[in-house]
Each structure stands twice: as C-alpha cells, then as structure tokens.
1. May I ask for the Kirkwood hydrodynamic radius of the stretch 53-169, worked out over all distinct Cα pairs and given in angstroms to one decimal?
2. For the chain, go through all pairs of different Cα atoms, get the mean of 1/r, take its inverse, and jot down that Kirkwood value in Å.
3. Taking the dipole about the Cα centre of the chain, with the C-beta of Lys and Arg at +1 and of Asp and Glu at -1, give me whichever of L260, H68, I138 is farthest to the positive side.
4. With only Lys, Arg, Asp and Glu charged, each at its Cβ (+1 for the first two, -1 for the last two), find how big the charge dipole of the stretch 179-251 is about the Cα centre; round to the nearest 20 debye.
5. Put one equal scatterer on each alpha carbon of the stretch 199-273, apply the Debye formula with no solvent term, and list log10 I(q)/I(0) at q = 0.18 1/Å to two decimals.
6. For the stretch 102-185, count all C-alpha to C-alpha pairs, find those more than 14 Å apart, and express that count as a whole percent of the total.
7. Run down the aspartates and glutamates and flag those whose C-alpha is under 14 Å from the C-alpha of K240, throwing out any fewer than 8 positions away in its chain.
8. Can you tell which of D246, D113, D235 shows the greatest fluctuation in a Gaussian network model of the chain with Cα springs below 10 Å?
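The numbers here are math on the coordinates, done by the rules we state, and not lab data. Quick caveat: nothing in here was measured; it's all calculated off a predicted structure. Backbone-built Cβ (ideal geometry, glycine too); neighbour counts: all protein chains shown.
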Amino acid sequence: ARVQTKVLTDQAERSGQPVRASLAIYARSTILYLEGDWEAIRGLQSDTRLARSSTITMNLIIWGLMEHQTGNFDQADVHLQEILSSDSYLPSRATVLDGAWALSLAIASHITDTDDHRTAARSASEAILSSRSASPVIVNIAHAALAIIAVQQGDTEAAEDLYSALKPLRGTMSGCGLISSDRILGMLAQTMGNHDDSQTHFEDALAFCRKAGYRPELAWSLCDYADMLLERNEDGDSDKATAMLDESLAISTELGMRPLMERVLSRREILKA
C-alpha cells in the first residue's frame, strides 16, 4: 500500500487536480499515521499544492489525531474543529467523513483521558445511527466511537451491546484504519469484567500491529493491555504488565508520543508503590 500510494500521489500532483491530490495525500497520510511517521505527514501537510477542497477534510482527521498523539492539543483541536465548517460534514447524511470525525473525537478523548470531546463524539455517533442512509461500514465506525466512550465511562450495559456488534470485526483496523478492532474488543471485554476474553483480544491486537508495523497502535495496545493485567492482578500479571509498559514507553518515546509516555510513566509509578 505504501508503494501504491506513492505512485498515486505522484500521478495526482502531475494532474494538477486539487481533489485528486487531496485524496492521494490522505491515502499516504493514513499509512504514515499508522506507522508513526509524523515528520513525513507534516511534509505532506505543508505541500503548497494541497489545495483546500471538499476532500481535504479527511486529511484534517489524520492531522488532528497526529497532533493529539504528540501532545499538541491546541493545534489538534484547530484541525478537528475546522471539519465542522466544511460543506462535507453533515452527520445526518452519514458519510465516511462523519463517522471518521466521530471516531477521531472518541480516540482523542482516550488519548487525553478527559471529557473534552466525549459529548461531541457521542452526539455525532448517535446521529449516524439514527440516519436511514448509514451504510454498515459507517455504522461500524459509529459503534467503534461509542465503544471507546463506554469503556471510558465504565458503562457495562453499553459495552455488552457494542461488544456483540463489533466482534465480527476481529482482525481488522476499525474506522478507516484508525484503531485496532481487537484493542477495542479487549477494552470492552475488560469493562464487562471478562478478563480472559480481554487478554485474548489484546494478544490478537499485539500480533496484528507487530506484523503490520503499526507502532503507535502497538504502543497503545501494550499500555491498555497492561491496565487490564493490573486490574486482574493474577499471578504473573504484574511482571507481564511491567514488560508491556517498558515496551510501550520505548516506542512512545522514540515516536514522541507525549500523552502515552506520561500515561505509561504513571502506571510504572503505581507498580513501584
């Protein structure tokens, strides 16, 4: 995919068509985001040939999440809020953009561990689910956003419903490739109190991300998995959690993912106590 998107971008730039170039750069940026290559994304972002068009809003999703991952929250919010002023954004129409925006807000709230974006994420997701035009793909994205919110709020009942809805997506990247479905399922199972099922899903998430080279998602999966182990607290869980936190810290430090670094360090302090 990396090779093909590079060819696509080159062709789009030669064509001189802003919409085509924007779509090509979005495709490349998505892969770079999954690999944690923030510098390359910013290189594409600063490209003067990237004209503002109806499709540029999908690039704003990637830019906003990248800034959240690296701790530049003010700039992240600028990108995400810019989507609201776009003619392409209309939750009642239930497009891929509408779903991606809802999911990006939910992911942002997980990264920051705050309520800042949770209400907007829920509202956007529920608008999609109430739309008659929502396709199964868009419904899955909305379910993924609501699942993250259910985990954050410890909503067991919602977690059970969303677990059933999302379980068929095991082994995939959910929501336009923004987050591992297995990681979401692992967190949902933990919220439901099913720690053994949670472990299975987290192990699947780690294997998937290692094979694909999705390092930011791997780092987050390691941290969330460690949280589950610390909560379960069976024999060997503490040592395993420590190893996972160490690996998560190494990745997040190398990639400059400050919010995750701070979270991991706080977990390690708990282990030392």
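1. Over the stretch 53-169, the inverse of the mean reciprocal pair distance is 14.1 Å.
2. 18.9
3. Farthest towards the positive pole: I138.
4. Approximately 380 debye in magnitude.
5. Each listed q corresponds, in turn, to -0.64.
6. 58
7. Reachable aspartates and glutamates: E203, D224, D227, E231.
8. Taking springs between Cα atoms under 10 Å, the residue moving most is D235.
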